Amino acid sequence: MAGFENDGIKVLERAGSDNRQQALWKCQCKKCGKIFISRGSHIRTGVVNSCGCIHSKNEQNITKMLI
């Protein structure tokens, strides 16, 4: 998963496992540059699209229109 990118995030490297033994990944938000950790399952399913600085799909669409 390292190297994976979408419109909002870039996966940098593996960051271990959580208490359920699910993979954690170090990511960089493409919107604000913040580094954060996320579960791989959340990245794959699209639950995580930013570090949290953008909260909804509509907010993402508005941001794209303004850029």
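Here is the figure for region 2-16: residues that are on the phi > 0 side of the Ramachandran plot and not in a strand (DSSP E or B) total 1.
For first residues located in region 1-21 and under 19 Å from Cys32 (Cβ atoms), partners that are surrounded by fewer than 12 Cβ atoms within 10 Å (Cβ to Cβ) and among the basic types (Lys, Arg) and lie 6+ apart or on another chain with Cβ distances below 6 Å do not occur.
So that you can scan it fast, the table gives a plain yes or no per residue for (1) at pLDDT 85 or above; (2) surrounded by 15 or more Cβ atoms within 10 Å (Cβ to Cβ); (3) in a loop (DSSP other than H, G, I, E, B):
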residue: Ile43; (1), (2), (3): yes, yes, no
residue: Val47; (1), (2), (3): yes, no, yes
residue: Asn58; (1), (2), (3): no, no, no
residue: Lys64; (1), (2), (3): no, no, no
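With respect to Ile54, determine if the residue is surrounded by 12 or more Cβ atoms within 10 Å (Cβ to Cβ), among the hydrophobic types (A, V, I, L, M, F, W, C), touching a residue at least 40 places away in the same chain (Cβ under 8 Å) and within 12 Å of Met1 (Cβ to Cβ). Answer is no for this residue. The set of residues from region 17-30 being over 10 Å from the mean Cα position of the chain (by Cα) and not in a strand (DSSP E or B) comprises Asp18, Asn19, Arg20, Gln21, Gln22.
Is it fair to say Ala2 is surrounded by 10 or more Cβ atoms within 10 Å (Cβ to Cβ) and modelled with pLDDT of 95 or more? Considered against the rule, which asks whether it is surrounded by 10 or more Cβ atoms within 10 Å (Cβ to Cβ) and modelled with pLDDT of 95 or more, Ala2 comes out as no. Among the residues of region 13-29, the ones that are farther than 14 Å from Gly3 by Cβ and charged (D, E, K, R) come to 2 in all.
The values are calculated or read from the model by the stated rules, or taken from the named source; none is laboratory data. Since the model is a prediction, treat every value here as computed from it, not as a measurement. Heads up, the Cβs are rebuilt from the backbone with ideal geometry, glycines too, and the neighbour counts pull from every protein chain shown.
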